[in-house]
């Protein structure tokens, strides 16, 4: 493991546990692998996601923080910007070099000064405000645009499922 | 690991949590460590020399504001460098002092609370009835009147703080001062509860136990304060070390200074700060003190830096032979297997350039062989990418490999058979022997992801 990346992650972890941010919980899966974290993101209030606790894994590359981590939801979730396999498509997780969607401004993208906390906060706001122009999940985007009621119903069901209801 | 891992959040538990913000701004936003050889970009953001060089190699933008920037435009941030070095020297003692103070305060609070609960009961009971507290108090019968007396003295000195404050400043060191402040805040708290002497005792006792040294110092100063006014004007500065001594000690002190030049100059005030501005830069960070001297050299001068600085070069213009030559000139190995040798060598040269240039900026530069080792370690750390796979945390590798071992053994035996059969047939064997070797490797690396997917 990359010693530099591990030290940086250790620092971020201490920061996270000592200054808790509401709705965000994250930490390494095990003590011997700091490059893989699991996290919980609370569904933002006043959205269909409210009340849910969405679990995800964060996988850090060896050259972290030069390259962004990879975020993947491990629970069932319907969202226009989340691929069906759970991988999140959000500008903060894209390195500044490549712009697959050709619309993100550089300032929105990954930079070494971003952190786990900022990534998770961005994901939280992504849940609240989907960007249906860059559909990672085409069906969800279509449903979000055309049949909002059904979309919200499914999302509410997913949210209830995440807390075991 | 936590013990030797200082972090800004350490300050949250102290009485001055605002220090967290101070330390955060003394840390590089990329590596989250205290700045090492801080460099300021043309847009005004500061990073460690190595961090910003690596970032700019990856993408030529400032990590904070994304403005385009390049390495030659980086400048030393001398003030930050001095700040970090002086902060680093006081960090541990400052933290220890503050934590101790906070703990003492909590303990005193608990004690006061416990006392306020037990005291009324004790008063109602008859004098024959001894509870633990009273036994403890009676254990030091001689001590008690003293404590009372001292407390009164303290309150008298506290009532006229403006009279006692100046001599205190001049006669005591800063650590004593902080301690005595902690002690005096203790005493200030007392008049709030009651004016009756008896009520103060346990608190006085607790402060006696915790602030033994400080209250002793206080006692000393309190008794001395009225009759020995050691004003600043009564002190003479030693011509050699600038330390201020009183009349009786100045002569022996000057003699000692002349003989051994033993005493280092005191912390520079604003006047002589400018003359010694270079010294904090040269001070070695605490982390390096454990390393042997042979790994480091004296800091590079500005001229040396300019002369030795390695250029970045251009990936598309550079030829592989040139890259190899450059690496070999620095004594770095060039043995690269597989495809895209140029890419690998180029990355290696870039990382070497970053390490080398950042080392030139360091206050405590490492020798070349140490740097080469670091380069190798860095490459190794970057090569493990494929092993860090997302895996179920409950997955038991041991059990899994035990249950599936027969299957792998059979596979290996199978592969060996094929090889030997093909050898007998005299056909081309390279392909199958490869597969046999592969199977073997898989068994050796039982926990590798490929095996899991078989």
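What number goes with the only condition from (1) within 14 Å of chain B (Cβ to nearest Cβ); (2) closer than 14 Å to residue A:123 by Cα; (3) touching a strand residue (DSSP E or B) at 6+ places or on another chain (Cβ under 7 Å) that residue A:36 does not pass?
(2)
Residues of the stretch B:59-74 being buried (at least 17 other Cβ atoms within 10 Å of the Cβ), within 11 Å of chain A (Cβ to nearest Cβ) and at negative phi, which ones?
Hits for the stretch B:59-74 are B:59, B:61, B:62, B:63, B:64.
Can you work out which of the residues in the stretch A:52-69 that are in contact (Cβ under 8 Å) with a residue 60 or more places away in the chain, assigned to a loop (DSSP other than H, G, I, E, B) and more than 8 Å from every other protein chain (Cβ to nearest Cβ) is farthest from residue B:32 (Cα to Cα)?
For the stretch A:52-69, the residue satisfying everything is A:52.
Tell me the residue from B:94, B:83 that is more than 16 Å from residue B:33 (Cα to Cα) and assigned to a helix (DSSP H, G or I), please. Step through it out loud before you land on a result.
On the way: B:83 fails: more than 16 Å from residue B:33 (Cα to Cα).
Only one candidate qualifies: B:94.
Restricted to the stretch A:14-26, and to residues that are crowded, with 18+ Cβ neighbours inside 10 Å and more than 7 Å from every other protein chain (Cβ to nearest Cβ), which residue is nearest to residue B:29 (Cα to Cα)?
In this case the residue turns out to be A:16.
Does residue B:7 meet the test of being within 30 Å of residue A:31 (Cα to Cα) and modelled with pLDDT under 85?
yes
Within the stretch B:11-32, identify whether any single residue is more than 9 Å from chain A (Cβ to nearest Cβ), part of a loop (DSSP other than H, G, I, E, B), in contact with a helix residue (DSSP H, G or I) (Cβ under 9 Å, 6 or more places away or on another chain) and more than 28 Å from residue B:93 (Cβ to Cβ), and answer yes or no.
no
Mind checking whether some residue in the stretch B:341-356 is at negative phi, in contact (Cβ under 8 Å) with a residue 24 or more places away in the chain and loosely packed, with under 15 Cβ neighbours inside 10 Å?
No, the conditions are met nowhere in the stretch B:341-356.
Can you find a residue that is within 11 Å of chain B (Cβ to nearest Cβ), at pLDDT below 90, under 30 Å from residue B:376 (Cβ atoms) and crowded, with 17+ Cβ neighbours inside 10 Å anywhere in the stretch A:72-95?
No - not one qualifying residue is present in the stretch A:72-95.
Give A:30, A:11 a once-over and let me know the one that is buried (at least 16 other Cβ atoms within 10 Å of the Cβ), within 8 Å of chain B (Cβ to nearest Cβ) and modelled with pLDDT under 90.
Unique residue meeting the criteria: A:11.
Do the conditions hold for residue B:5, that is, is it free of Cβ contacts under 8 Å to residues at least 40 places away in the same chain, facing chain A (nearest Cβ under 9 Å) and exposed (fewer than 13 other Cβ atoms within 10 Å of the Cβ)?
For residue B:5, the condition - free of Cβ contacts under 8 Å to residues at least 40 places away in the same chain, facing chain A (nearest Cβ under 9 Å) and exposed (fewer than 13 other Cβ atoms within 10 Å of the Cβ) - is met.
Would you mind telling me which numbered condition in (1) in the same structural domain as residue B:331 (by TED's automatic domain parsing); (2) at pLDDT below 80; (3) under 30 Å from residue A:30 (Cα atoms) residue B:377 fails?
Just one mismatch for residue B:377, condition (2).
Would you confirm whether or not the stretch A:107-121 contains a residue that is surrounded by fewer than 18 Cβ atoms within 10 Å (Cβ to Cβ), more than 10 Å from every other protein chain (Cβ to nearest Cβ) and either closer than 20 Å to residue A:140 by Cβ or modelled with pLDDT under 85 (or both)?
Checked against the condition, which is being surrounded by fewer than 18 Cβ atoms within 10 Å (Cβ to Cβ), more than 10 Å from every other protein chain (Cβ to nearest Cβ) and either closer than 20 Å to residue A:140 by Cβ or modelled with pLDDT under 85 (or both), the stretch A:107-121 yields no hits at all.
If you take the residues in the stretch B:33-58 that are facing chain A (nearest Cβ under 8 Å) and at pLDDT 85 or above, which one is nearest to residue B:69 (Cα to Cα)?
So the residue we want is B:55.
Checking the condition at negative phi, at pLDDT 85 or above and in contact with a helix residue (DSSP H, G or I) (Cβ under 8 Å, 6 or more places away or on another chain), which residue from A:45, A:68 passes?
Working: A:45 fails: in contact with a helix residue (DSSP H, G or I) (Cβ under 8 Å, 6 or more places away or on another chain).
Just a single option satisfies the conditions, and that option is A:68.
The values are calculated or read from the model by the stated rules, or taken from the named source; none is laboratory data. The shown structure was predicted, so the numbers you read here are calculated from the model rather than taken from an experiment. Quick reminder, even Gly has a Cβ in these numbers, built from the backbone with ideal geometry, and neighbours come from all protein chains shown.
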